[in-house]
Amino acid sequence: MKPNTLETSVFGNVRLGYIVIETNKFADWRRFGRDAIGLHLDEAVDVMRFRLDDKQCRFLLQRGPAEDVTALGWHIEDHATFDEILSRVTRNGVPLTEGSPEEAALRGVERLVRIPGPNGLWQEIFTHAKVSDAPLRTANRAGFVTDDFGLGHVAIITKKPHQMRGYYDTLFDARLSDYIDETMSGIKAKIRFLRVNERHHSVAIGSANRLPLNPIRTRVQHLNTQVASLDDMTAAYQRARELGFSMAMSIGQHTNDKELSFYAVTPSGFDWEVGWNPIVVDETTWEPCTYQGISIWGHTTEGQTIIDKLNQFKVGAKSLLRAEDTVPALAGPGIPDN
């Protein structure tokens, strides 16, 4: 694999633009996205779209049985960067899929290309996000933080973290922000936080230490949106609880990026984090380090039953025998931890 050089680096020209979800639970998602989290809803036959800002689409929900995230859409700053990423993929022999005009229109984007990704999660890149003419209707008074940082982040659990980190380095020159060591349900885990711009992380990669185990059914463990005020974060927490949605974790503050947040369980089963005020990386001074535990305070587990625990162990046990796609042609030898 040809190494990425400073002259061809795409870091800083990439941001998370949208997320595609496949679900048959449209009524539940309408209540969750619009009424609890406070997103703007646009709805048509067999499709729902949620907005955070003036962009036409930040979340695309399509009908299907997966109950999962199926694709991440990455906004590429310019055509030169777009072509560089395409070159990295094709010179490693990985096939590309051109998005149809209909697919691009659903996402509200231009020049759409799909790339195979780890965990069966498609990576879609595009060059322009279209702006909506319709006024934004959201329950959050101060709005969401997007702009040059993208819509938020995703967290993915994997049995092959070094290969997944290698994949995002090959594609986007992702940089390591830091690590967190944590013990969850008696299993020691490490989380790697990758950034593609000044947002502290756009992808978090979690794995069990020295165990080929993945206790998560879905392709992503959680996704994150960032609100612009503390009041909006606490109001969303209150709405979600009053509407009867389960909380994965109560309000708390993270150790590494200092974000205050809570985690609600979506109708499809993965978690949705609503956060406020994470730190922004200063590229001139930042040095990766390791933190012990994910939270300074709070983030306590809410409402998890013995049945939930047993189901999680069952998924984890099955994962020991399940192969995991790493797209090895784009992961290279992987990037081991220091």
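Counting only protein heavy atoms and using a 1.4 Å probe, what share of the accessible area of the chain belongs to carbon plus sulfur, as a whole percent?
Details: 7780 of 14570 Å².
Its accessible area is 53 percent carbon and sulfur atoms.
For a test of the definition: using alpha carbon positions, the gyration tensor, and the 1.5 limit on a/c, classify segment 66-186 as rounded, prolate or oblate. Kindly include the intermediate steps, with their values, before the conclusion.
Working: a/c = 1.74, a/b = 1.11, b/c = 1.56.
Judged from the Cα gyration tensor, segment 66-186 comes out oblate (a/c at least 1.5, b/c at or above a/b).
Where a ≥ b ≥ c are the square roots of the eigenvalues of the C-alpha gyration tensor, would you call segment 1-133 rounded, which needs a/c under 1.5, or, failing that, prolate if a/b is larger than b/c, or oblate? Numbers along the way, then the final one.
On the way: a/c = 2.31, a/b = 1.79, b/c = 1.29.
Prolate shape, in that a/c is at least 1.5 and a/b is the bigger ratio.
Note down the relative contact order for the chain as a percent, whole number, built from C-alpha pairs under 8 angstrom at least six residues apart.
Working: 792 pairs, mean separation 67.2, N = 338.
Over the chain, the number comes to 20 percent.
Take every DSSP beta bridge with both residues inside the chain and express the antiparallel ones as a percent of the total, to the nearest 5.
Working: 60 of 82 bridges.
Of all bridge pairs located within the chain, approximately 75 percent are antiparallel.
For the chain, what is the convex hull (Cα atoms) projected area averaged across all directions, in square nanometres?
So the mean shadow area of the Cα hull is 16.4 nm².
Between PHE59 and residues 5 or more places away or on another chain, which pairs have amide H atoms under 5 Å apart, with H built 1.01 Å from N, and which residues are they?
When sequence neighbours closer than 5 places are left aside, the close amide H contacts are ILE19, PHE50.
Given the DSSP H assignment, sum -39500 (n - 2.57) over each helix run of at least 4 residues in the chain and divide by its residue total; what's the result at 222 nm in deg cm²/dmol, nearest 500? Intermediate results must be reported in sequence, preceding the final value.
On the way: 7 runs with 67 residues, N = 338.
Helices in the chain give a 222 nm mean residue ellipticity of -5500 deg cm²/dmol.
Shape of segment 112-248 from its Cα gyration tensor (a ≥ b ≥ c, root eigenvalues): rounded if a/c is under 1.5, otherwise prolate when a/b > b/c, or oblate? Could you put the intermediate results ahead of the total?
Values: a/c = 2.00, a/b = 1.26, b/c = 1.58.
Cα axes put segment 112-248 in the oblate bin.
Rounded to whole Hz and in sequence order, give me ³J(HN,Hα) for segment 237-248 from the Karplus expression 6.51 cos²θ - 1.76 cosθ + 1.60, θ = phi - 60°, writing x for Gly and Pro.
4, 5, 4, 4, 5, 5, 7, x, 7, 6, 9, 6
At 0.36 nm per residue, and after removing the present C-alpha to C-alpha distance, how many nm does the segment from TRP122 to ALA228 gain when stretched out fully? Spell out each step's value before the answer.
Details: separation 106, 0.36 × 106 = 38.16 nm, distance 2.92 nm.
Length gained, TRP122 through ALA228: 35.2 nm.
Can you work out the accessible area per residue across the chain, with the rest of the protein chains kept in place, probe 1.4 Å, in square angstrom? Write out the running numbers ahead of the final one.
Details: 14570 Å² over 338 residues.
Here the residues of the chain average 43 Å² of exposed surface.
Which length gain, in nm to one decimal place, applies between TRP297 and SER246 when the Cα-Cα distance is subtracted from 0.36 nm times their residue separation?
Extra length from TRP297 to SER246 when fully extended: 16.4 nm.
Compare the peptides 162-172, 222-232, 135-145 by average per-residue count of other Cβ atoms within 10 angstrom and give them in order, highest first.
On the way: 162-172: 24.2, 222-232: 20.5, 135-145: 16.1.
Answer by packing, highest mean first, reads 162-172, 222-232, 135-145.
What's the Cα-based Rg to Rh of segment 172-211, Rh via Kirkwood?
Values: Rg = 11.4 Å, Rh = 10.7 Å.
Reported Rg/Rh, Kirkwood definition of Rh: 1.06.
Please list 10-22, 81-93 highest first by mean number of surrounding beta-carbon atoms within 10 Å per residue. Mind dumping the intermediate values first?
Values: 10-22: 21.8, 81-93: 15.8.
In decreasing order of mean packing, 10-22, 81-93 become 10-22, 81-93.
Stretched out fully, how many nm does the piece from ARG137 to ASP54 gain, at 0.36 nm a residue minus the Cα gap?
Details: separation 83, 0.36 × 83 = 29.88 nm, distance 1.04 nm.
Contour length minus the Cα-Cα distance gives 28.8 nm.
The values are calculated or read from the model by the stated rules, or taken from the named source; none is laboratory data. Every value quoted in this text rests on a predicted model; they were computed, and no experiment measured them. So basically every Cβ, Gly included, is an ideal-geometry build from the backbone, and we count neighbours across all protein chains shown. In case anyone asks, the SASA skips ligands and DNA or RNA and just uses the protein heavy atoms, side chains included. Shrake-Rupley method; radii C 1.70, N 1.55, O 1.52, S 1.80 Å.
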